[in-house]
1. Would you check if residue B:160 is assigned to a loop (DSSP other than H, G, I, E, B) and in contact with a strand residue (DSSP E or B) (Cβ under 7 Å, 6 or more places away or on another chain)?
2. Filter region B:26-45 for residues that are at the interface with another protein chain (Cβ under 8 Å from one of its Cβ atoms) and over 46 Å from the mean Cα position of the chain (by Cα); which is farthest from residue B:368 (Cα to Cα)?
3. Looking only at region B:172-221, which residues are assigned to a helix (DSSP H, G or I) and in contact (Cβ under 8 Å) with a residue 60 or more places away in the chain?
4. Test of understanding: among B:338, B:310, B:347, which residue is within 14 Å of chain A (Cβ to nearest Cβ) and within 48 Å of the chain's Cα centre (by Cα)?
5. For region A:345-358, what are the residues that are crowded, with 18+ Cβ neighbours inside 10 Å and more than 23 Å from residue A:371 (Cβ to Cβ)?
6. Are any residues in region A:95-117 more than 7 Å from chain B (Cβ to nearest Cβ) and touching a helix residue (DSSP H, G or I) at 6+ places or on another chain (Cβ under 6 Å), and if so, which ones?
7. Being under 26 Å from residue A:117 (Cβ atoms) and either in contact with a helix residue (DSSP H, G or I) (Cβ under 9 Å, 6 or more places away or on another chain) or surrounded by 24 or more Cβ atoms within 10 Å (Cβ to Cβ) (or both): is that true of residue A:519 here?
8. Considering only region A:155-180, how many residues are out of contact with any strand residue (DSSP E or B) (no Cβ under 7 Å at 6 or more places or on another chain) and surrounded by fewer than 17 Cβ atoms within 10 Å (Cβ to Cβ)?
């Protein structure tokens, strides 16, 4: 009967382990990352007794978590995708709501040019001139406020980068610590502790949401984790912290560096960190640059038209707007004393890219920030500057080999956009000169003129151009000069362009347009600047440049939102698959509980029966 | 497949959250009436909406410009109407003055009225608009273009203010005083006739014209000529070099027309041998000088003779030129206003078209949105019902 008792006890113990595991599963039903645990039983080795093998009961073989490495890997990768998509969607939603708000540049442009046209209808009216300046101020503050919102977002991204790196470091430290505990526990007992593995897996999943990682399981039950292309984050029980460091060109901007100090910003993808870097480089920077391009185009075209006209006092129109030119930043590691001066010479070929000019010891080479080479002309001197992409670059000083400069043609332009005119009478509504054909002219030439250099001291001096033949003219009785049809005649800073052929004896007199308070000819031209293409080879006007920026931002938002939906679905699928193996199902646990309860009761009955049998035997012996 | 209890609940919850988010979006679309609430809703549409908004603003500005231009042109039209009235009164008075029944005294009265009318005309020429700008001063709108005392030299310039009435359409909204009042050709527009100062006869030059610009053997060449009567019934035409280029006969009893080189002069009265008529190419004379000349002529003592007749006839022709000039300018003003009206209509059509395009791009389709809202609400209710059912069917509930 002793066998029966011990068999019964083994059943009791096994059922207890089962019920304990069920209780553990039920208790952890809401624990994130918990994998349900399963008990496996095995029959004990039988005993040879009386020519038979008699069973001796049950042993609990193992308590293991229900787990699939493959499904967990998919879950981690889905978490990295989801972390990236969520962050990207949240950031792009923010920038989208910034451009959909009341600070709409197109409306500000329309109001400004509306005021300019109103002034064209009443060029001498002080109120309409004042309105132009007021609208110009509103336009400038729209530029700066949009740019300010972008900068604020950039500040937020910078802060989030720091926080994410901190979070990554604390998670990888925790994973490293768990690696150590798991290795020790598995070494002592031969069996890794399920709950510690679960904790570590949950941390790995969280880490994957923060940055794209690759996980390599080791034979000693530890996990090695790498980021980027091979930068170790966790090896064995050791964590290698990431860090942030100032960018080599721009100390206000942070890069991500590995534990060795090398910059790995460009190699990070996935997770919150990847999304932050992606957003900064591919949404925010281009938007800021595009807005800057619009600001530069606005200031350049309007100021140029101002310079073609005369203000209420008859002087050549001065600039109305000011805007910053390219930003040049020397690399922090530059060894030489080289300097670089960059200016925009051609808005038509200006791109939205940033550039790096590098000295290799013998020559300078220009690359865009993606690393593609950009061809330059010129020699880099003030007389013959390097020219590329609408920029002119003048190098000075003595650069050391390896020195480099970064040029951002339009990045800071929008924030610097300002109105520099304070006197409404300085708006150049009138033409500075009048050109009158002589009444005796017999040719078909209709004169038009432009201002080439309004600062010429003789600009306002009266002159006359007399044609001695259709191809020859003289100015103020000077020597005969050859007239080429279509080529403007320039003198004293003005240029006279004739539409149609002059005849011999035709004369044109040029004089200052004095007292012309009512002249609106340049005001009309100023009004037309609104639709004047200037960027992209003259195809894009300021308003269009802004709407391109809106499309870029909108597309980024739409893509991010679609991506978020996709990644959510991918994550749900991975989670469903992983949970189908590892998740706790309460109905299942209830059934298991009943099962173990019944087994326990049955084993107890076995013991009770054994006891009864023993009693029967004792009673029989006593009665003898 | 196994499902985990918590994950099932979570997914059920996520479904509800998604539905609620969709309902919130639809709610926002319905309450704002806009399909695009931020650029990411439709990046291309958002840019298109900006573009259309710009076109609408541009066109609205053109309409404002047209309103301003119409105000200026109406003012000019009204002013030119006044000018016409004044000149018509002048003409009536001049015709009265050349009547033979007038005496020096009555001519003096007419002259006095003409002086008043000239002042009135100067007032019109120095009209200002509501902003105090002189409307006939070209671009020099800050000062009066014609002096009210002494010589009436035009002091404005030839500038003409334009207005942008549409894309690529500029319309003039004024005329310089030089074109309206000052640069008026004398005589018949081609040449003038004046009687010699020493004429003793009573020949008076009436209507003149260039009747045949391609007359042969030689056409009108714009030169200066003189008609010299060699007798009461015979004349010679001499050119500027005093060379006789034509001769002819004249009937002093009935008057007649002298024609040479395509030019025609209607003459009346009896010349005396040696009397002459000078023919000179037209020059420009402002209307104020014409009026002043009329006054001076009418104030001549012992008037009513051929010399006054000739002088009055010459100035009357100048007056007619001035009236014709004002009428033509008024016609131009009318044509411009007409152009502006047409452009205004065109701009209205464009605005309507842009607005309808803008509505297509950015406005929400209410039927569509409301039916989507219903569908989403139903789906949310279903998800909520499912969730509550799921909570009540647990095995643990039955094991008691």
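1. Working: assigned to a loop (DSSP other than H, G, I, E, B): yes; in contact with a strand residue (DSSP E or B) (Cβ under 7 Å, 6 or more places away or on another chain): yes.
Answer is yes for this residue.
2. The selected residue is B:40.
3. Of all residues in region B:172-221, those assigned to a helix (DSSP H, G or I) come to B:177-182.
Selection gives B:179, B:180, B:181, B:182.
4. On the way: B:338 fails: within 14 Å of chain A (Cβ to nearest Cβ); B:310 fails: within 14 Å of chain A (Cβ to nearest Cβ).
Answer to the check: B:347.
5. Answer for region A:345-358, where residues must be crowded, with 18+ Cβ neighbours inside 10 Å and more than 23 Å from residue A:371 (Cβ to Cβ): just A:347.
6. Correct list: A:95, A:98, A:103, A:105, A:108, A:109, A:111, A:112, A:113, A:115, A:116.
7. Working: under 26 Å from residue A:117 (Cβ atoms): yes; either in contact with a helix residue (DSSP H, G or I) (Cβ under 9 Å, 6 or more places away or on another chain) or surrounded by 24 or more Cβ atoms within 10 Å (Cβ to Cβ) (or both): yes.
Taking the combined requirement at face value, the residue satisfies it.
8. 8
The values are calculated or read from the model by the stated rules, or taken from the named source; none is laboratory data. No experiment lies behind these values; they were computed from the predicted model shown. Please note: Cβ atoms are built from the backbone with ideal geometry, for glycine as well, and neighbour counts cover all protein chains shown.
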